[in-house]
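Enquirer: Pasting a structure below so you can have a look.
The values are calculated or read from the model by the stated rules, or taken from the named source; none is laboratory data. Here the structure is a predicted model, which is why all the values come from computation and not from measurement. All Cβ positions, glycine included, derive from the backbone under ideal geometry; neighbour counts span all protein chains shown. Areas reflect the complete protein model, heavy atoms only, side chains present, ligands, DNA and RNA absent. Shrake-Rupley method; radii C 1.70, N 1.55, O 1.52, S 1.80 Å.
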Amino acid sequence: MNSKPVAVVAVGGNALIRDGGHSALSDQYDAVSATTEHVVDMIAAGWNVVLTHGNGPQVGFILRRSEIAEGQVPTVPVPYAVGDTQGAIGFMFQNAFGNALRKRGLEMPVIALVTQTLVDQSDPAFARPDKPIGSFMTEEVAKHLATTLGWTVMPDSNRGWRRTIASPQPVRIIEAQLIERLAREGNLVIACGGGGIAVEQLADGSLRGVDAVVDKDRAAALLAIEMQADLLMIPTGVERVAIRFGQPDQEWLGRITVAQAEALAAAGHFGEGSMGPKIEALLKFVKHRPAGRGVITNTENIARALRGETGTWIES
């Protein structure tokens with residue numbers, strides 16, 4: 001064990017795809033490489049790092065391939081699609097981190113770990129699967145797949161129909177103790193990809209994959225709590241969080257308390273589909289880990305944020 005502080009860094013799946021014209025695996029690897037350069041700044045500054053990542057677009061690609069190949073090869077169940085992305089994205093980060101560390105003259109083992117997240121089958125989310133995943137389809141195709149594959153489907157943003165799936169709250173990260181031990185021993189760990197593979201626990205104690213996806217930021221917050229991490233960092237597209245964004249009285253947030261963040265959230269300042277889940281995750285972590293801190297910033301400013309020069313910080 002070493003005495004360095006531990007940070008969980010939660011990178012989104014969309015961060016790996018800059019735009020629709022750069023979605024090939026080679027493009028995703030380039031985006032991963034750019035991200036790792038900034039995360040290595042944390043390691044050089046004396047942090048042990050656990051990196052989690054999203055997988056929304058990537059799971060969508062896998063499911064789309066499965067849809068196209070219907071009747072030709074077996075379809076891919078969601079738990080296996082999430083596992084596939086953990087392996088592929090984990091490889092990208094593992095390889096890119098190894099190269100970035102070597103270039104900086106830093107020696108640190110890099111481990112990509114397939115991770116499971118326990119969910120509760122009584123979670124209300126299973127009764128109303130409303131998380132869109134996969135590609136857009138016509139109503140006719142969506143309803144055909146719903147009939148043949150047992151999916152639930154719905155129209156999404158007037159752009160077509162999509163499959164929907166449950167997004168339950170994470171209960172426990174199955175491999176959390178192992179991840180903590182590896183990190184505190186000085187390994188760079190890539191874990192909890194896509195929020196972790198959702199599993200349920202049966203009466204005999206065994207685990208079984210379920211058709212559900214876990215929000216990546218919620219899973220990262222839970223992992224940070226279970227690891228007793230010192231910091232939860234959520235890189236996003238902006239240097240700081242703003243309230244009244246785009247309005248004449250727009251205000252960038254620097255350091256705020258839990259109480260201030262909760263009041264702003266209650267007033268509707270954080271969009272449900274954008275900053276809301278990130279603020280929720282930081283609040284959960286800091287409330288359960290008063291000695292910890294949470295920060296949102298963009299990848300390019302990770303080093304500056306750690307020096308206290310930027311970022312939106314939530315502290316108890």
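Enquirer: Taking only Cα atoms, what is the 0 to 90° angle, nearest 10, from helix 216-227's long axis to the longest principal axis of the chain?
Expert: Helix 216-227 sits at roughly 50 degrees to that axis.
Enquirer: If you average the sequence gap of Cα pairs under 8 Å that are 6 or more apart and divide by the length of the chain, what percent do you get for the contact order? Kindly include the intermediate steps, with their values, before the conclusion.
Expert: Values: 653 pairs, mean separation 67.0, N = 316.
Result for the chain is 21 percent.
Enquirer: Compare PRO74, PRO129, PRO235 in a GNM of the chain, Cα atoms joined below 10 Å, and give the one with the largest fluctuation.
Expert: Between PRO74, PRO129, PRO235, it is PRO74 that shows the largest mean-square fluctuation.
Enquirer: Which order do ARG208, ARG65 take when ranked by solvent-accessible area (1.4 Å probe, heavy atoms of all protein chains), largest first? Walk me through the numbers before you get to the answer.
Expert: Working: ARG208 125, ARG65 145 Å².
Largest accessible area first, the list is ARG65, ARG208.
Enquirer: Quick query: amide H of GLY134 versus all other amide H atoms, modeled in the peptide plane; which residues come in under 5 Å with a sequence gap of 5 or more or a different chain?
Expert: The answer is GLY60.
Enquirer: Calculate one ³J(HN,Hα) per residue across region 110-119 by plugging θ = phi - 60° into the Karplus curve 6.51 cos²θ - 1.76 cosθ + 1.60, and present them in order as whole Hz with x for glycine and proline.
Expert: The phi angles translate into 10, 10, 9, 10, 5, 10, 10, 10, 6, 10 Hz.
Enquirer: For LYS287, tell me the accessible area in Å² from a 1.4 Å probe, rounded to the nearest 10.
Expert: For LYS287, solvent-accessible area is about 120 Å².
Enquirer: Still on this structure: Got a sec? Which residues in region 108-150 would a label at GLN72 touch, if it sits 7 Å along Cα→Cβ and we count backbone N under 20 Å?
Expert: Of the residues in region 108-150, 134-138, 141-142, 144-146, 148-149 have backbone N under 20 Å from the label point off GLN72.
Enquirer: Compute the Cα gyration tensor for region 228-316, then decide on rounded, prolate or oblate, letting a ≥ b ≥ c be the square roots of its eigenvalues: rounded whenever a/c is under 1.5, prolate when a/b is larger than b/c in the other cases, and oblate in all that remain. Walk me through the intermediate numbers first.
Expert: Details: a/c = 1.74, a/b = 1.17, b/c = 1.48.
Judged from the Cα gyration tensor, region 228-316 comes out oblate (a/c at least 1.5, b/c at or above a/b).
Enquirer: Further question on the same structure: Under 5 Å between amide hydrogens, which residues at least 5 positions from GLY54 or on another chain qualify, with H placed 1.01 Å from N in the peptide plane?
Expert: Counting only residues 5 or more places away or on other chains, the set is VAL11, GLY12, GLY13, GLY194.
Enquirer: Using helices alone, what [θ] at 222 nm do you get for the chain, with -39,500 (n - 2.57) per DSSP H run of 4 or more residues, divided over all residues and rounded to the nearest 500? Intermediate values should be presented prior to the final figure.
Expert: Values: 9 runs with 119 residues, N = 316.
Using -39500 (n - 2.57) per qualifying helix, the result is -12000 deg cm²/dmol.
Enquirer: Might you work out the accessible area of HIS38 for me, using a 1.4 Å probe with all protein chains in place, and round it to the nearest 10 Å²?
Expert: 50 Å²
Enquirer: Test of understanding: what is the full-extension gain from TRP252 to ALA24, defined as 0.36 nm times their sequence separation minus their Cα-Cα distance? Kindly include the intermediate steps, with their values, before the conclusion.
Expert: Values: separation 228, 0.36 × 228 = 82.08 nm, distance 3.46 nm.
That pair, TRP252 and ALA24, stretches by 78.6 nm at full extension.
Enquirer: Let me ask another. Just to check I understand the Karplus step: with θ = phi - 60° and J = 6.51 cos²θ - 1.76 cosθ + 1.60, what whole-Hz values come out for region 51-60, glycine and proline as x?
Expert: 9, 10, 8, x, 7, x, x, 5, 4, x
Enquirer: At a 1.4 Å probe radius, carbon and sulfur cover how many percent of the accessible area of the chain?
Expert: Values: 7360 of 14430 Å².
That fraction is 51 percent.
Enquirer: If you fit an axis through the alpha-carbon atoms of helix 275-288 and take the longest principal axis of the Cα set of the chain, what angle between them do you get, 0 to 90°, nearest 10?
Expert: Taking Cα atoms only, the helix is inclined about 60 degrees.
Enquirer: Just how large is the dipole of the chain about the Cα centre, in debye to the nearest 20, putting +1 at every Lys and Arg Cβ and -1 at every Asp and Glu Cβ?
Expert: Details: 29 positive and 34 negative charges, 90 e Å.
So the magnitude is around 440 debye.
Enquirer: Once you've got the GNM for the chain with C-alpha springs shorter than 10 Å, pick whichever of LEU223, LEU178, LEU101 has the biggest mean-square fluctuation.
Expert: So, out of LEU223, LEU178, LEU101, the one fluctuating most is LEU178.
Enquirer: Testing the spin-label approximation: label points 7 Å from Cα along Cα→Cβ at SER122 and SER316. State their distance in nm.
Expert: For the pair SER122/SER316, the computed spacing is 2.9 nm.
Enquirer: GNM, the chain, Cα, under 10 Å: largest mean-square fluctuation among ALA224, ALA203, ALA281?
Expert: ALA203
Enquirer: Please list 3J(HN,Hα) in residue order for region 75-91, calculated via the Karplus relation 6.51 cos²θ - 1.76 cosθ + 1.60 where θ = phi - 60°; whole Hz, with x for glycine and proline.
Expert: Taking θ as phi minus 60°, the curve returns 5, 9, x, 4, x, 6, 5, 5, x, 4, 5, 4, x, 5, 5, x, 4 Hz for region 75-91.
Enquirer: Okay, next question. Roughly how many Å² is the accessible area per residue of region 16-174, as a whole number, for a 1.4 Å probe?
Expert: It amounts to 49 Å² per residue over region 16-174.
Enquirer: Follow-up. Going by accessible area, probe 1.4 Å, with all protein chains left in place, what is the ranking of THR164, THR147, largest first? Display every interim value, and only then the final one.
Expert: Numbers: THR164 10, THR147 115 Å².
Highest to lowest solvent-accessible surface, that is THR147, THR164.
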